[in-house]
1. Quick one: Karplus J couplings for the stretch 140-148, per residue in order, coefficients 6.51, -1.76, 1.60, θ = phi - 60°, nearest Hz, x for Gly and Pro?
2. Which whole-number percent is the relative contact order of the chain (Cα, under 8 Å, 6+ apart)?
3. Any idea what the dipole of the chain comes to, in debye rounded to 20, about its Cα centre with Lys/Arg Cβ at +1 and Asp/Glu Cβ at -1?
4. Test of understanding: what is the full-extension gain from residue 87 to residue 65, defined as 0.36 nm times their sequence separation minus their Cα-Cα distance?
5. Return the sequence-ordered ³J(HN,Hα) values of the stretch 53-60 in whole Hz as given by the Karplus equation 6.51 cos²θ - 1.76 cosθ + 1.60 applied to θ = phi - 60°, using x for Gly and Pro.
6. Between residue 203 and residue 94, 0.36 nm times their residue separation minus their Cα-Cα distance comes to what?
7. Would you tally the net charge around residue 208, using a Cβ to Cβ cut-off of less than 12 Å, leaving residue 208 out, and scoring K and R as +1, D and E as -1?
8. In Å³ and rounded to a whole number, note down the convex hull volume per residue for the Cα atoms of the stretch 122-211.
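FYI, it's all coordinate maths here, none of it is from the lab. Just so you know, these numbers come straight off a predicted model, no measurement behind them. Counting neighbours? That spans all protein chains shown, and the Cβs are built from the backbone with ideal geometry, glycine included.
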Amino acid sequence: MFSIQTKNLKKHFDGVYAVDDLSIKIETGQITSIIGPNGSGKTTLINTLSGLLEIDGGLVVIEESEKLSKITPHEIPSFGITRTFQNIHLFEQMTILDNILVVLTDRQVFRAIFETHQTFHLKIAEEVLTRVGLWEKRGQLAVNLSYGQRKLLEIARALAMDAKIYLLDEPFAGLFPEMVKIISGIIKELKQESKTVILIEHDMGLIRELSDYVFVLDSGKLLAEGKPSEVLAKREVIEAYLGE
């Protein structure tokens with residue numbers, strides 16, 4: 001079964017196609033990496049799949065049932081999809097704990113529900129913050145966290161959604177080895193839980209370690225696909241991605 005498919009997907013900016021007639025299938029319960037040189041369309045693809053950018057052509061098929069030519073960000077949770085960003089998106093002036101609670105429920109619209117289920121939500125928040133090692137810092141403002149801790153908090157917010165599909169846009173970028181180890185462990189755990197992970201990453205060592213399958217993009221088009229060991233050995237991939 002496939003979690004997400006794109007069929008002739010297109011996204012252009014002023015006539016330049018960042019995603020160009022792309023058809024790929026992401027298998028359920030696997031870690032699938034999207035790689036390619038800068039400007040190849042990786043983040044544009046993730047932004048299109050998560051509704052941040054409009055689809056200019058083609059379809060996105062979710063779990064082989066939802067065939068979509070248009071996606072809006074508020075629909076994404078209902079499809080079981082969550083994401084992280086290349087540039088971290090947090091509520092800076094809220095505590096670490098409140099950054100988790102705010103994604104679990106809308107306090108303005110569902111204030112009464114939030115109050116009724118506060119213990120339940122706090123339990124989830126404790127679980128995900130413990131998982132990323134931030135529970136002891138739960139009372140600190142997000143703005144005061146280190147870069148690596150901010151990355152961990154964003155991942156914790158994604159975990160709190162208990163989604164089926166996780167879109168992770170460069171979660172390792174700029175991290176020290178210890179943080180990389182923590183996030184690698186979380187990604188492996190998601191696979192063990194039969195979650196689908198779609199990963200954008202530049203570190204080929206991590207791609208080899210984590211990926212079940214790899215798609216290589218170049219100028220918005222599919223250049224290659226397959227198992228990491230096979231794909232990364234292809235001459236066209238080496239030339240396009242590694243510049244050799």
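1. Working through the residues one at a time gives 7, 6, 4, 4, 8, 7, 5, 4, x Hz.
2. On the way: 448 pairs, mean separation 68.0, N = 244.
Computed value for the chain: 28 percent relative contact order.
3. Numbers: 27 positive and 34 negative charges, 68 e Å.
The calculation lands at about 320 debye.
4. Details: separation 22, 0.36 × 22 = 7.92 nm, distance 3.15 nm.
Taking residue 87 through residue 65 to full extension adds about 4.8 nm, to one decimal.
5. 10, 6, 7, 9, x, x, 9, 10
6. Working: separation 109, 0.36 × 109 = 39.24 nm, distance 3.22 nm.
This chain segment gains 36.0 nm when fully extended.
7. On the way: positive: 227; negative: 201, 203, 209, 212, 230.
Local net charge: -4.
8. Details: hull volume 8.5 nm³, N = 90.
Taking the convex hull of the Cα positions in the stretch 122-211, it is 94 Å³ per residue.
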